[in-house]
Amino acid sequence: MKKTGLLFVMALCQFCLLYGQDAYKQNFLNLFKSLPEIKTCEDSYNFTRCADNSCSAYKTAGESMTAALKELMYAQIAANNSITAASPMGNMTPDQAKALSEKMKKMTPAEKQQWAMQYAQGMMNNDPAAHVNRDMDNTVVNDAVEYITGRLEDEMNVLPNPMEVPDNLIKIENKYQPQKETLLLNFQTSSGITHDPSSSSPYIFGEASDAQIARYNKALSDWKANIAEVYNAEMTEKLSYVMTKTRDLVAKYSTTEEKIGATHYGDDAAETVNKSHLYNAHKTVLERVMGLYNNFDSILKDYSARYTQLKNK
């Protein structure tokens, strides 16, 4: 029963590859080109609002990466289980795969189990001893696979520290903490109130004279102007750090992506083992691009929210 269920999942993965999904067929490093130049929290606010569609390419890149990751996961499963070339479904056209998919939606559980058993039998009828390396004369595929496995295998298998970027972003924020504390102390001294204006909770006056209210408003205005400059500097340093990491990533993986692209992102490889190497390398690059892209996006949203908070005080 477990084997039947696995084969059924494998078959569905094959369907996803067979008709129409190709978000993964691109050089992911190029997605960094859509990162905007942001200098102030107000810039971040205006950009994330996307009132003039200026961020459409940025948002499209994010959506594209999400779709590509899903597709590559299916591709990897299919390649690892030798479905693409070795199974009876390997020669199906997209229309045939789609028709079978629709037919299976109407099957009862018993009919699906019977189909999976027939599918398994078809896989076992393939004779491994008769196998010939179909990529033997494919120079482009062999060059790409050799580069990936020979030069990058060790590096690909060593996961980067997932906390490196977040930790450094926290260090940058901590660097500006003394300035924030000084501005808070100045505000509280000038206003005569112990409230923290960076808090999301508004200050509610009890009984207060016009002079006290004016004193508070003046202190708040000064604080807002000064803290905005600190936020701008802090955000700019964070974005600069992330951009440095993106340039490092482009330098490290440009050749990898070029060689994968030369194989039409694995389409030119007939051997499933070669497809698996190409998909895995491509997925590795995508995951690292997504990590930095998400860090960049998180910074934009954070400082856009801070600008909104200051604007509404």
Conditions (1) at pLDDT below 95; (2) buried (at least 16 other Cβ atoms within 10 Å of the Cβ); (3) among the acidic types (Asp, Glu): number failed by Asp267: (2)
Residue list for the stretch 190-210, restricted to those being polar (S, T, N, Q) and part of a loop (DSSP other than H, G, I, E, B): Thr194, Ser198, Ser199, Ser200, Ser201, Ser209
Six or more apart or on different chains, Cβ under 9 Å: which pairs go from a residue in the stretch 235-249 that's polar (S, T, N, Q) to one that's part of a helix (DSSP H, G or I)? Could you list them? Thr246/Leu29; Thr246/Phe32; Thr246/Val289; Thr246/Leu292; Thr246/Tyr293; Thr246/Phe296
Test result for Ala68, assigned to a loop (DSSP other than H, G, I, E, B) and either more than 30 Å from Glu102 (Cα to Cα) or of a type in the set (A, V, I, L, M, F, W, C) (or both): no
For the stretch 212-231, enumerate the residues that are under 27 Å from Ser44 (Cα atoms), of a type outside the set (Ser, Thr, Tyr) and surrounded by 12 or more Cβ atoms within 10 Å (Cβ to Cβ). Lys218, Ala219, Leu220, Asp222, Trp223, Lys224, Asn226, Ile227, Ala228, Glu229, Val230
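Residue-wise test of (1) among the hydrophobic types (A, V, I, L, M, F, W, C); (2) under 22 Å from Ser34 (Cβ atoms); (3) more than 37 Å from the chain's Cα centre (by Cα).
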residue: Ser200; (1), (2), (3): no, no, no
residue: Ala214; (1), (2), (3): yes, no, yes
residue: Thr236; (1), (2), (3): no, yes, no
residue: Met243; (1), (2), (3): yes, yes, no
residue: Gly261; (1), (2), (3): no, yes, no
For the structure I just gave you, tell me whether Val289 is farther than 30 Å from Trp223 by Cα and surrounded by fewer than 19 Cβ atoms within 10 Å (Cβ to Cβ). no
Scan the stretch 16-26 for residues that are crowded, with 18+ Cβ neighbours inside 10 Å and modelled with pLDDT of 90 or more and report the count. 2
Restricting attention to the stretch 245-266, does a residue exist that is within 22 Å of Asp297 (Cα to Cα), in contact with a helix residue (DSSP H, G or I) (Cβ under 6 Å, 6 or more places away or on another chain), β-branched (Val, Ile, Thr) and part of a helix (DSSP H, G or I)? yes
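Conditions tested, residue by residue: (1) at pLDDT 95 or above; (2) more than 30 Å from His282 (Cα to Cα).
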residue: Leu183; (1), (2): yes, yes
residue: Ile193; (1), (2): no, yes
residue: Ile204; (1), (2): no, yes
residue: Glu207; (1), (2): no, yes
residue: Met235; (1), (2): yes, yes
residue: Gly261; (1), (2): yes, no
For the stretch 27-40, the count of residues that are over 18 Å from the mean Cα position of the chain (by Cα) and modelled with pLDDT of 90 or more equals 3
Restricting the search to the stretch 24-40, which residues are assigned to a loop (DSSP other than H, G, I, E, B), touching a Phe, Trp or Tyr at 6+ places or on another chain (Cβ under 9 Å) and not polar (S, T, N, Q)? Tyr24, Lys25, Leu35, Pro36, Ile38
Taking Ser209 as the residue in question, decide whether it is among the polar types (S, T, N, Q), free of Cβ contacts under 8 Å to residues at least 12 places away in the same chain, under 24 Å from Lys301 (Cα atoms) and loosely packed, with under 14 Cβ neighbours inside 10 Å. no
Hey, among the residues in the stretch 164-186 that are of a type in the set (Lys, Arg) and within 13 Å of Glu237 (Cα to Cα), which one's surrounded by the most Cβ atoms within 10 Å (Cβ to Cβ)? Lys175
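The values are calculated or read from the model by the stated rules, or taken from the named source; none is laboratory data. Small disclaimer: the values here were computed from a predicted structure and weren't measured. Counting neighbours? That spans all protein chains shown, and the Cβs are built from the backbone with ideal geometry, glycine included.
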